[in-house]
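Structure, as structure tokens:
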Amino acid sequence: YRAKELGNSYAFYNPEIGALPERRFSMERELRRALERNEFELFFQPQIDLATGNCVGAEALIRWRHPEKGLILPDQFIPVAESTGLIVPMGAWVIRSACPHLKSWREAGMAPLRLTVNVSVKQFERGGLIQTLESSMRESGVDSRLLEIEVTESVLMQHPMASDTLRELSRMGILISIDDFGTGYSSLSYLKKLPVYKLKIDRSFVTTLPVDPDMLAITTAIVTMGSALRLKTIAEGVESREQLDILRRLGCDEIQGYYYSRPLPNDTFMTWVREKSTPPRT
Ligand code: C2E
Ligand code: MG
Ligand code: MG
Ligand code: MG
């Protein structure tokens with residue numbers, strides 16, 4: 001297997017066959033060096049409240065600005081970072097970088113936005129997550145209520161200590177969302193035992209709306225269950241007006257997707273939010 005070049009992106013990893021050992025090893029070395037050289041960057045994708053149409057938050061998504069290969073998307077390196085454990089320092093970098101952004105948005109006069117970061121199961125296993133969050137919030141002086149974490153269902157199911165950590169995070173005022181909801185195997189009774197705040201409906205269900213009746217049934221079930229359990233729901237991967245209208249009719253709280261915006265670099269994101277919150281002149 002040879003890495004394929006696709007435009008300026010670079011296939012380090014083929015999800016079908018995984019990375020070969022030698023490829024994985026050189027990738028691990030490259031990732032370690034990239035962390036030292038600060039080649040990672042956060043992009044931000046807006047989250048819109050369907051009731052008001054306002055941008056109420058953003059998801060931080062990591063990008064690798066490779067000096068030769070250009071911008072590399074997470075699917076190309078997160079799997080290797082996960083399997084080598086490098087996701088732990090990388091995840092800590094994400095948290096430490098996210099907090100000052102929240103602060104700078106406030107200082108720039110933007111309305112308070114929630115910022116959500118993705119947290120891997122490895123960050124729960126190795127510990128250090130709470131300390132990283134605490135020190136990052138303290139150093140940048142951000143309000144913990146504006147910080148949210150996204151974990152997948154597998155975190156809740158696979159890791160016995162996860163529930164303790166989640167309760168501790170909740171005590172700190174950090175909101176917890178379940179990412180890619182509906183694709184894993186969570187015991188539904190867990191959702192009420194754990195301090196979960198929001199269900200993030202996986203893109204795979206949203207993508208085929210409105211044509212696929214099964215996906216519509218699943219989406220409807222998630223939104224209905226969410227509201228019955230007093231959990232917020234957000235749909236990701238919303239690309240069309242039609243999808244947005246369906247989700248609004250179902251009573252979904254928030255949406256995130258290309259329909260509004262792709263993930264954006266910080267300066268573009270700030271401009272986007274400003275323009276959106278300025279009422280159009282008539
Ligand atoms: P995710 O957390 O489920 O993030 C949503 C992904 O869906 C993002 O891909 C986003 O760009 C994409 N997306 C959002 N709206 C649309 C849409 O309307 N259409 C389409 N086609 N795609 C949409 P991205 O940024 O490539 O990230 C992929 C995955 O990599 C993330 O999925 C997450 O699992 C992981 N990831 C990204 N950043 C981090 C990070 O900082 N830490 C960890 N542990 N994982 C991360
Ligand atoms: Mg996510
Ligand atoms: Mg997701
Ligand atoms: Mg995902």
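Couple of notes before you dig in:
- Antiparallel content of DSSP bridges confined to the chain, in %, to 5: 45
- Whole-Å distance, taken between Cα centres, linking segment 134-156 and segment 212-282: 22
- Heavy-atom accessible surface of segment 82-141, averaged per residue, reaches 42 Å², computed with a 1.4 Å probe.
- Using C-alpha pairs under 8 Å with a sequence gap of at least 6, the mean separation divided by the residue count of segment 55-134 gives a relative contact order of 40 percent.
- Chain lengthening between Glu168 and Met225 when straightened (0.36 nm per residue, less Cα-Cα): 18.0 nm
- Heavy-atom surface analysis with a 1.4 Å probe gives the chain a carbon and sulfur content of 51 percent of its accessible area.
- Gyration tensor verdict on segment 106-158 (Cα atoms; rounded if a/c is under 1.5, prolate if a/b is larger than b/c, oblate otherwise): oblate
- Listed by chain and number, the lysines whose C-alpha is less than 30 Å from the C-alpha of Lys69, apart from same-chain residues fewer than 8 away, are Lys4, Lys122.
- Taking packing as the residue-averaged number of other Cβ atoms within 10 angstrom, the listed peptides 78-88, 217-227 run from highest to lowest as 78-88, 217-227.
- Where only DSSP H runs of four or more residues are counted, the chain gives -13500 deg cm²/dmol as its mean residue ellipticity at 222 nm, each run worth -39500 (n - 2.57).
- Taking the C-alpha atoms of segment 212-271, convex hull volume expressed per residue in Å³: 89
- Relative contact order (%) - criterion: Cα under 8 Å, at least six apart; region: segment 158-216: 32
- Accessible area per residue in Å² at 1.4 Å probe, computed on segment 155-227: 48
- Between Phe25 and Ser277, the FRET efficiency estimated from the beta carbon spacing at R0 = 45 angstrom works out to 0.40.
- The convex hull built on the alpha-carbon positions of the chain has an orientation-averaged projected area of 16.3 nm².
- Loop trypsin sites (Lys or Arg not before Pro), segment 178-282 (other Cβ atoms within 10 Å of the site Cβ: 11 or fewer; DSSP): Arg230, Arg281
- Under DSSP loop assignment and at most 12 Cβ neighbours within 10 Å, longest chymotrypsin sites (Phe, Trp or Tyr not before Pro)-free interval of the chain: 2-184
- Diffusion coefficient (Stokes-Einstein, Kirkwood radius over C-alpha pairs, 25 °C, 0.890 mPa s) for segment 92-248: 148 µm²/s, rounded to a whole number.
- For segment 11-134, the calculated P(r), taken from all Cα-Cα distances in 10 Å bins from zero up to the bin holding the longest distance, is 12, 38, 32, 15, 3, 0 percent.
- Relative contact order of the chain: 17 percent, from C-alpha pairs under 8 Å at least 6 residues apart in sequence.
- For segment 163-225: Kirkwood Rh in Å [reciprocal of mean 1/r, alpha carbons]: 12.8
The values are calculated or read from the model by the stated rules, or taken from the named source; none is laboratory data. Because the structure is predicted, anything quoted here is derived from the model rather than measured. Note: ideal-geometry Cβ built from the backbone for every residue, glycine included; neighbour counts use all protein chains shown. Accessible surface is based on the protein model in full, side chains and every heavy atom, while ligands, DNA and RNA are left aside. Shrake-Rupley method; radii C 1.70, N 1.55, O 1.52, S 1.80 Å.
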